[in-house]
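Colleague: Shown below is the structure under consideration.
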Amino acid sequence: MNKSSTRNRSLLAAAIGAVLAFGALSQVHAQASQRAQERREREAQKGQEKSSKSAAANQFPNATRQEPEAKASAKVTPKLQKMMKLYDDDKGAEARVIADEILANPAANAYDKSFSAQIAGQIAYEADDTAGALRYWNQAIESNGLDNNAHFGTMFTVAQVLLQEDKYAESLAMIDRFLKESGSHTPEQLIVKGNALYRLERYPEAAAVLKQAIEASPQPKSEWQQLLMAAYAESGQGAEASKMAEAVAAKNPNDKRAQLNLAVVYQQNDMYDKSAAVMEKLRASGQLTEDKEYRQLYASYLNMDGKEKEAIAVINDGMQKGILKPDYQTYLALAQAYYFSDQMAPAIDAYKKAAPLSPDGETYLNLARVLWQEDRIPEAKEAAKQAIAKGVKKPDDAKKILALPAK
């Protein structure tokens, strides 16, 4: 039995899994609703749709796109009015039918089609038809009839929704197009690109973009910083990840997530003593409240020489508090910690609890070996039988124990 020193290169990514889901999508509904509301207000005022240029300042002054004259055609205006009346009355399904009619109408101009597709996309999104929403919004973009604010706003929405739908390559293509054509590079926009690059496992590129976004933001969000740390860690830039994690943790001493991320970064870079120190402070203040947090702490100790007793204390503390699950992995770690600290009796007890929970017979075989070392031959033979019954890679090892003479 050799003491495990396996490292998990995905520790930081796991720690911030929620971040990678990317919270920006929560803004999609609000953005689309705001655009729809602006359209409805202009509808009520004029009886037809007007360019958003008259309702809002130009948000994309550096755009390369020539903004079209956004104006509804006379023939299609009644249809647009009907569509918006239905939408205002919360009759989205009926409004979507009218939008489809406009999109299929050869008399509809670019603006008619773009605006109808934009509204239909919002209706589809509200109805949880994400595929339909993306189809409509892409049609709104390609029809090229909206003012720059609405056109690029729709592009940014599409990039975010594609990211949320795990279509990372498509999201990256859309955000790249958006950044190029809009001439805009706000931190929020760059974060979408960095997130897509991260999901595509293009970690060095992701780190560069995320760093640019964070440096450009007066108040970067903590989840952006966590994502950058993950990108650094995955791209082998451990020093950069550690430096950033330390800065964030120092700035937010009472932020549990920041402290946990610092511990994970230390662990990722084999700085187990520092990782354990951070986690112990959290344990002392009662902030270790999840099973995975206790596992992270005892794993750090088990990867350090001579720290088995500390690992044992953490495991027992976690189980006594009902936080650490008494499962196979827990009992196996406890058994190994006792074994490597020469505490054979409790090691055997822990192995006996772990072995029945094991997916194979390897733990029973380890139990048999320890029992044999302690001259508990009958028990060793019984454990060897269980090992063979559950299946082991080297059944001959178990058979050798079964062949031992009785004492």
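Colleague: Please verify whether D317 is modelled with pLDDT under 95 and in a helix (DSSP H, G or I), treating the condition exactly as stated.
Modeller: no
Colleague: Follow-up. From the list K353, K390, K381, exactly one residue is over 22 Å from A333 (Cβ atoms), of a type in the set (D, E, K, R) and without any contact (Cβ under 8 Å) to a residue 60 or more places away in the chain. Which is it?
Modeller: None of the others qualify; the one that does is K381.
Colleague: Quick test for you: out of E170, E201, pick the one residue that is surrounded by fewer than 24 Cβ atoms within 10 Å (Cβ to Cβ), charged (D, E, K, R) and part of a helix (DSSP H, G or I).
Modeller: Result: E170 is the single residue among E170, E201 that is surrounded by fewer than 24 Cβ atoms within 10 Å (Cβ to Cβ), charged (D, E, K, R) and part of a helix (DSSP H, G or I).
Colleague: Would you mind stating whether Q122 is in a helix (DSSP H, G or I), in contact with a helix residue (DSSP H, G or I) (Cβ under 8 Å, 6 or more places away or on another chain) and closer than 19 Å to E181 by Cβ?
Modeller: Answer is no for this residue.
Colleague: Then there's this: Could you list all residues from region 125-147 that are within 17 Å of D112 (Cβ to Cβ) and among the aliphatic types (A, V, I, L, M)?
Modeller: Within region 125-147, A140, I141, L146 meet the criteria.
Colleague: Could you tell me which of the residues A206, A233, A245 is in a helix (DSSP H, G or I), within 29 Å of Y294 (Cβ to Cβ) and without any contact (Cβ under 8 Å) to a residue 60 or more places away in the chain?
Modeller: So the residue among A206, A233, A245 that is in a helix (DSSP H, G or I), within 29 Å of Y294 (Cβ to Cβ) and without any contact (Cβ under 8 Å) to a residue 60 or more places away in the chain is A245.
Colleague: Another question, if that's okay. Considering each of A258, A277, A284 in turn, give the residue that is more than 23 Å from the chain's Cα centre (by Cα) and under 14 Å from A245 (Cβ atoms).
Modeller: None of the others qualify; the one that does is A277.
Colleague: Condition check: part of a helix (DSSP H, G or I) and more than 30 Å from A206 (Cβ to Cβ). Does A131 satisfy that?
Modeller: It is false that A131 is part of a helix (DSSP H, G or I) and more than 30 Å from A206 (Cβ to Cβ).
Colleague: Output the residue which, of all residues in region 241-270 that are small (G, A, S) and in contact with a Ser or Thr (Cβ under 8 Å, 6 or more places away or on another chain), is nearest to L228 (Cα to Cα).
Modeller: A258
Colleague: How many residues does region 115-170 hold that are in contact (Cβ under 8 Å) with a residue 12 or more places away in the chain, more than 26 Å from P78 (Cβ to Cβ) and among the hydrophobic types (A, V, I, L, M, F, W, C)?
Modeller: The number of residues fulfilling the criteria is 10.
Colleague: Check whether at least one residue in region 229-244 is charged (D, E, K, R), closer than 30 Å to I323 by Cα and crowded, with 20+ Cβ neighbours inside 10 Å, and report yes or no.
Modeller: Taking every residue of region 229-244 in turn, at least one turns out to be charged (D, E, K, R), closer than 30 Å to I323 by Cα and crowded, with 20+ Cβ neighbours inside 10 Å.
The values are calculated or read from the model by the stated rules, or taken from the named source; none is laboratory data. Computed from a predicted structure; not experimentally measured. Methodologically, a virtual Cβ is constructed for each residue, glycine included, from the backbone with ideal geometry; neighbour enumeration extends over all protein chains shown.
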